[in-house]
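The values are calculated or read from the model by the stated rules, or taken from the named source; none is laboratory data. Predicted model, so just to flag it, every value in this text is computed and none were measured. Glycine also receives a Cβ, built like all others from the backbone with ideal geometry; neighbour counts cover every protein chain displayed.
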Amino acid sequence: MHSQAPRQQASAKFATAAEALHTVFGYDSFRGEQAQIIDQLIGGGDAVVLMPTGGGKSLCYQIPSLVREGTGIVVSPLIALMQDQVDALTAVGVRAAFLNSSQDAATRNQVERDYVAGALDLLYVAPERLSSESTKQFLARGTIALFAIDEAHCVSQWGHDFRPDYLALSELADRWPDVPRIALTATATDATHKEITSRLQLEKAKHFVASFDRPNIQYRIVNKAEPRKQLLSFIKTEHPDDAGIVYALSRKSVEATAEFLQASGLNALPYHAGLDANVRARNQARFLREDGVIIVATIAFGMGIDKPDVRFVAHIDLPKSVEGYYQETGRAGRDGLPSAAWLTYGLQDVVQQRRMIDESPGDLAHRRKLSAHLDAMLALCETVDCRRVNLLRYFGQSSAPCGNCDTCLTPPEAWDGTVPAQKLLSTIVRLHRERNQRFGAGHLVDILRGKTTPRVTQHGHDQLATWSIGADLSDHQWRGVVRQLLAQGLIVTQGEYGTLALTDAAAEVLAGRRSVDLRHEPERPERAERPARRTGAAKKAGAADLSPAQGELFEALRAWRSAEAREQGVPAYIVFGDATLVAVAAAKPASLADLDGISGIGAKKLDSYGEKLLAVVADAS
Ligand code: ADP
Ligand code: ZN
């Protein structure tokens, strides 16, 4: 169905936003501030929208484009995904097309003619095109309903997604002062927000900052022991047939992990910048189109992936910032159904990242910034309070304990770790008296536990006053102490070997003026932490409420959807989302009238698929 041509019957513009929402998208009500944002644009004003992934940003510019005269121009850096976005719109009867470098001249000309003739509601354009004068002249020949600047944080020079072409987008304001503009991003920090506003000349815009909470995502952070095995057991026990994303820091680790999962019988594919572009595109397409594919990726994967049924996002290495972590985990559960964000991290992650920061190019201010990012991430990992409260506080939003994260579900026990902390700190002080010696955490723990290793003997460390004073804690517990002191900023690692050194705050602890609370370290890090496990078909949908019979119907609907999507060459979710299929399975409709009103079934989809859905329901009963 990869047709670029607009529908035969030119769709009329809609009188109201509510009518477009209902007729085109099949939804009953707006979410959050969608209605206000849409009104602002329909009235000709500008908007800056900060909304988490899955919050429903697309409707904020799609609906005004269906109401206002002319074509909505959507600037998006995600060329690879434009086809899917256009297919999804075409599937609901919206006249949409895109212009980017992947097209041949004939296709491009056709799209241009359609635009000038007023036959498009939405036109997706790559940012580099918009910076060229010829594109602007071409746009001036048609009527522009609005400009939507998606992934607007790409204009921020300090962010990791900076795209120089985005800077030129400020010219849109000069050239088309009367056309409303909307900038959208899922990046929530104040600094990014300000930069978007000033660089895109959006000083007069209305600002909409949504709650960044994603209540359907369960946040869990576990201690790292054997990360691949832990990951495998997490997937096999909780997400055996689900689509998911696994993030790792290096290409090597991506490949090894993908191979490991494949060898264990899972449908896992690698994705990183070092792979051949064709392989990468193929793996991404399989992830989007097939059910239950796991992609193992570096952070190069995921921006703008709007697959709604990703059921888990796993990190097997510590992310570099809370911001990045939240964006990556936000790719789970866009459809609002229960999903998991699972992270495993250990002492080695801290050592490795400190080293990377020390060695990173750039000035001191830049390294300080990286360091602050890492500290915030560590504080999240080691918190004894609700993960979500901690996450949202990072974005300046306050909330109550969520009941859907590991610390809420199984509160970690805290214990007074002042004495072990003092033992560790004073050992570090003693080792520091030996010039030019580099001792990492492992050696420190050996000294505290009184282990006679060749290194200990060679340096005479069995003569130290702290030798063997920590035999009451296990290796594992000591490593936990080191990690938590790092996270609390009492010690830092330095240099290539991760040598430990004290911070100023440590003096207070050594002097007995400050106590240290530590989190209890479970001896078996991979504890099953989920309260209730669902099984079978209903679990897969994340739909706990389906009866066994409804679960079977849901499976039948899913199978039909796969076949339908394959035939059309589009991702399954473009046919229907899981949430819609769950609603159909629950309602067991017997007529087209029963289908009308189910969320996600608008006029066009009722027309295309109504009879087919009824046939699947009838067959399954
Ligand atoms: P974002 O771009 O903010 O990540 P999307 O625009 O992709 O989010 O929306 C996420 C999902 O929520 C999509 O499946 C979309 O169809 C759905 N959605 C958005 N707005 C509504 C609404 N008002 N009612 C029901 N579903 C909605
Ligand atoms: Zn919580």
Problem set entry | Of residues in segment 219-261 being modelled with pLDDT of 95 or more, more than 21 Å from the chain's Cα centre (by Cα) and hydrophobic (A, V, I, L, M, F, W, C), the one nearest to ARG483 (Cα to Cα) | ALA256
Exercise. How many of the residues making up segment 40-63 are assigned to a helix (DSSP H, G or I) and more than 14 Å from ligand 1 (Cβ to nearest atom)?
Worked result: 3
Problem set entry | Lone unmet requirement of (1) within 16 Å of ligand 1 (Cβ to nearest atom); (2) over 18 Å from THR383 (Cβ atoms) for PHE395 | (2)
Exercise. In segment 110-150, how many residues are within 20 Å of LEU78 (Cβ to Cβ) and in a loop (DSSP other than H, G, I, E, B)?
Worked result: 6
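Somewhere in segment 310-323, is a residue on the phi > 0 side of the Ramachandran plot and more than 16 Å from ligand 2 (Cβ to nearest atom)? Explain how you work it out, then say what you get.
Filtering segment 310-323 down to residues on the phi > 0 side of the Ramachandran plot leaves none.
Taking every residue of segment 310-323 in turn, none turns out to be on the phi > 0 side of the Ramachandran plot and more than 16 Å from ligand 2 (Cβ to nearest atom).
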Exercise. Does segment 567-584 hold any residues that are more than 24 Å from the chain's Cα centre (by Cα) and without any contact (Cβ under 8 Å) to a residue 40 or more places away in the chain, and which are they?
Worked result: GLU567, ALA583, VAL584
Exercise. Given the conditions (1) surrounded by fewer than 17 Cβ atoms within 10 Å (Cβ to Cβ); (2) under 19 Å from THR185 (Cβ atoms), which single one is not true for VAL116?
Worked result: (2)
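Take the conditions touching a strand residue (DSSP E or B) at 6+ places or on another chain (Cβ under 7 Å), modelled with pLDDT of 90 or more and more than 16 Å from ligand 1 (Cβ to nearest atom) and apply them to CYS402. Does it pass? Give the derivation first.
Numbers: touching a strand residue (DSSP E or B) at 6+ places or on another chain (Cβ under 7 Å): no; modelled with pLDDT of 90 or more: yes; more than 16 Å from ligand 1 (Cβ to nearest atom): yes.
Spelling it out, it is not the case that CYS402 is touching a strand residue (DSSP E or B) at 6+ places or on another chain (Cβ under 7 Å), modelled with pLDDT of 90 or more and more than 16 Å from ligand 1 (Cβ to nearest atom).
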For this session: Select, from GLY336, GLY274, the only residue that is over 13 Å from the mean Cα position of the chain (by Cα), modelled with pLDDT under 95, surrounded by fewer than 16 Cβ atoms within 10 Å (Cβ to Cβ) and part of a loop (DSSP other than H, G, I, E, B).
Result: GLY274
Exercise. If we keep just the residues of segment 386-403 that are within 8 Å of ligand 2 (Cβ to nearest atom) and touching a Ser or Thr at 6+ places or on another chain (Cβ under 9 Å), which is farthest from LEU500 (Cα to Cα)?
Worked result: PRO401
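Of the residues that sit in segment 119-157 and are under 18 Å from HIS193 (Cβ atoms) and without any contact (Cβ under 8 Å) to a residue 60 or more places away in the chain, which one is nearest to ligand 2 (Cβ to nearest atom)? First the steps, then the outcome.
The initial filter retains those residues of segment 119-157 that are under 18 Å from HIS193 (Cβ atoms), namely 148-157.
When the remaining residues are screened for being without any contact (Cβ under 8 Å) to a residue 60 or more places away in the chain, the result is 153, 155-157.
Working: HIS153: 27, VAL155: 33, SER156: 30, GLN157: 34 Å.
Only one residue tops the list, namely HIS153.
Residue check: is THR453 in contact with a helix residue (DSSP H, G or I) (Cβ under 8 Å, 6 or more places away or on another chain) and either within 16 Å of ligand 1 (Cβ to nearest atom) or under 19 Å from ILE491 (Cα atoms) (or both)? Full working, then the answer.
On the way: in contact with a helix residue (DSSP H, G or I) (Cβ under 8 Å, 6 or more places away or on another chain): yes; either within 16 Å of ligand 1 (Cβ to nearest atom) or under 19 Å from ILE491 (Cα atoms) (or both): no.
No; evaluated as a whole, the condition is false for this residue.
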Problem set entry | Condition broken by ILE357, with the remaining ones in (1) among the β-branched types (Val, Ile, Thr); (2) crowded, with 23+ Cβ neighbours inside 10 Å; (3) touching a Ser or Thr at 6+ places or on another chain (Cβ under 6 Å) satisfied | (2)
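Would you mind listing the strands (runs of 3 or more DSSP E) fully within segment 181-233 where at least 3 residues are out of contact with any His (no Cβ under 8 Å at 6 or more places or on another chain)? Can you show your working first?
Details: elements: 181-185, 206-209, 217-223.
Where strands (runs of 3 or more DSSP E) fall fully within segment 181-233 and carry at least 3 residues being out of contact with any His (no Cβ under 8 Å at 6 or more places or on another chain), they are 181-185, 217-223.
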